[in-house]
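Right, one structure below, let's go through it.
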Amino acid sequence: MSNYRRVRIESGCYFFTVVLANRKSRLLVENIEYLRQAFREVMRAHPFNIDAIVILPDHLHCIFTLPINDDNYSMRWRQIKSAFSRKLPCIEPRSASRIKHGERGIWQRRFWEHVIRDEQDYCQHVDYIHYNPVKHGYVQQVIDWKYSSFHRAVNCGIYPYNWGGEGVNEKINGEYLE
C-alpha cells in the first residue's frame, strides 16, 4: 500500500477535490441537503471556514481554512463523508475490502489536497472552483449552477454576476478587464 504524505500546516488554507466512487453518479446533487447537513454537523464539532465550494454530481472542490493550532483536515473529510453516507440507504456495490473495513462504496477512499501558497494561488483556485460547472458542461454560465459559493461571492461584490460566461470579463491579478 502506498504511504501517502500530506502536508499539514496549522491554520492552513487548502484546496480539495473529493470524488464519489461511481463517477457516473449524481448522488451529491440529488442528496444536496444531506451533504449540507454533513458539513454543518462537522463544522459545529470541528470548526473551519469554507472559503469557496462547488458541488457537482460526482465530485466537489473546495477551499478550507483551518482554525489556529489545527491542521487536521483529514479527520474533517472522514467525518463529512461518513455523515453523508449514513443518511443514504446501503444499496451501492461494495468490494470485499470495503466490507472487511466496514466502509460504504460511496466515496473514493482518498482525496486530493493542495496547500494554498499565496494570494495568487488562492485566487486561481477560487476561480477554478467557480468555473468548474462550465468546464464540465453542466451550464454555460457560472451563475446558472446553484451548488456553488459563487452566488455568495457575487453578493459580496467579489465577482460580477456574469463572470465566467460567454464574452465576459476576465479576472487577472484580482482585477477585471473590460
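For the range 147-164, enumerate the residues that are on the phi < 0 side of the Ramachandran plot and of a type in the set (Gly, Ala, Ser).
Ser148, Ser149, Ala153
Taking the range 123-164 on its own, how many of its residues are in a helix (DSSP H, G or I) and without any contact (Cβ under 8 Å) to a residue 60 or more places away in the chain? Please lay out each step first, then the result.
The initial filter retains those residues of the range 123-164 that are in a helix (DSSP H, G or I), namely 123-135, 142-144, 150-155.
From the residues that got through so far, the ones that are without any contact (Cβ under 8 Å) to a residue 60 or more places away in the chain too are 123-124, 127, 131, 134-135, 142-144, 151-152, 154-155.
So the count comes out to 13.
In this structure, is Ser97 surrounded by 13 or more Cβ atoms within 10 Å (Cβ to Cβ), outside any loop (DSSP other than H, G, I, E, B) and among the hydroxyl-bearing types (Ser, Thr, Tyr)? Break it down stepwise before answering.
On the way: surrounded by 13 or more Cβ atoms within 10 Å (Cβ to Cβ): no; outside any loop (DSSP other than H, G, I, E, B): yes; among the hydroxyl-bearing types (Ser, Thr, Tyr): yes.
So Ser97 fails the test.
Restricting to the range 43-60, give me the number of residues that are farther than 29 Å from Glu119 by Cβ, in contact (Cβ under 8 Å) with a residue 24 or more places away in the chain and outside any loop (DSSP other than H, G, I, E, B). First the steps, then the outcome.
From the range 43-60, those farther than 29 Å from Glu119 by Cβ are 44-45, 57-58; that's our starting set.
Subsequent filtering for residues that are in contact (Cβ under 8 Å) with a residue 24 or more places away in the chain retains 45, 57-58.
Applying the additional criterion that residues be outside any loop (DSSP other than H, G, I, E, B) yields 45.
Here the count works out to 1.
If you scan the range 135-145, which residues turn out to be out of contact with any Pro (no Cβ under 8 Å at 6 or more places or on another chain) and buried (at least 18 other Cβ atoms within 10 Å of the Cβ)?
Result: Ile143, single match.
Kindly indicate whether Arg40 is open to solvent by 60 Å² or more (accessible area, probe 1.4 Å), of a type outside the set (Phe, Trp, Tyr), closer than 29 Å to Val139 by Cα and part of a helix (DSSP H, G or I). Talk me through it step by step, then tell me what you get.
Values: open to solvent by 60 Å² or more (accessible area, probe 1.4 Å): yes; of a type outside the set (Phe, Trp, Tyr): yes; closer than 29 Å to Val139 by Cα: yes; part of a helix (DSSP H, G or I): yes.
It is true that Arg40 is open to solvent by 60 Å² or more (accessible area, probe 1.4 Å), of a type outside the set (Phe, Trp, Tyr), closer than 29 Å to Val139 by Cα and part of a helix (DSSP H, G or I).
Against the conditions (1) crowded, with 16+ Cβ neighbours inside 10 Å; (2) without any contact (Cβ under 8 Å) to a residue 12 or more places away in the chain, where does Asp118 fall short? Just the number, please.
For Asp118, the exception is condition (1).
With the condition kept exactly as written, say whether any residue in the range 74-86 is buried (at least 17 other Cβ atoms within 10 Å of the Cβ) and not in a helix (DSSP H, G or I).
no
May I ask you to verify whether Ser149 is in contact with a His (Cβ under 8 Å, 6 or more places away or on another chain), open to solvent by less than 40 Å² (accessible area, probe 1.4 Å) and small (Gly, Ala, Ser)?
Yes.
Is it fair to say Phe15 is in a helix (DSSP H, G or I) and crowded, with 18+ Cβ neighbours inside 10 Å?
Values: in a helix (DSSP H, G or I): no; crowded, with 18+ Cβ neighbours inside 10 Å: yes.
No: the conditions fail for Phe15.
The values are calculated or read from the model by the stated rules, or taken from the named source; none is laboratory data. Since the structure is predicted, the reported quantities are computational estimates derived from the model, not experimental observations. Here the Cβ is made from the backbone with ideal geometry for all residues, glycine too, and neighbour counts use every protein chain on show. Ligands, DNA and RNA are excluded from the accessible area calculation, which covers all protein heavy atoms including side chains. Shrake-Rupley method; radii C 1.70, N 1.55, O 1.52, S 1.80 Å.
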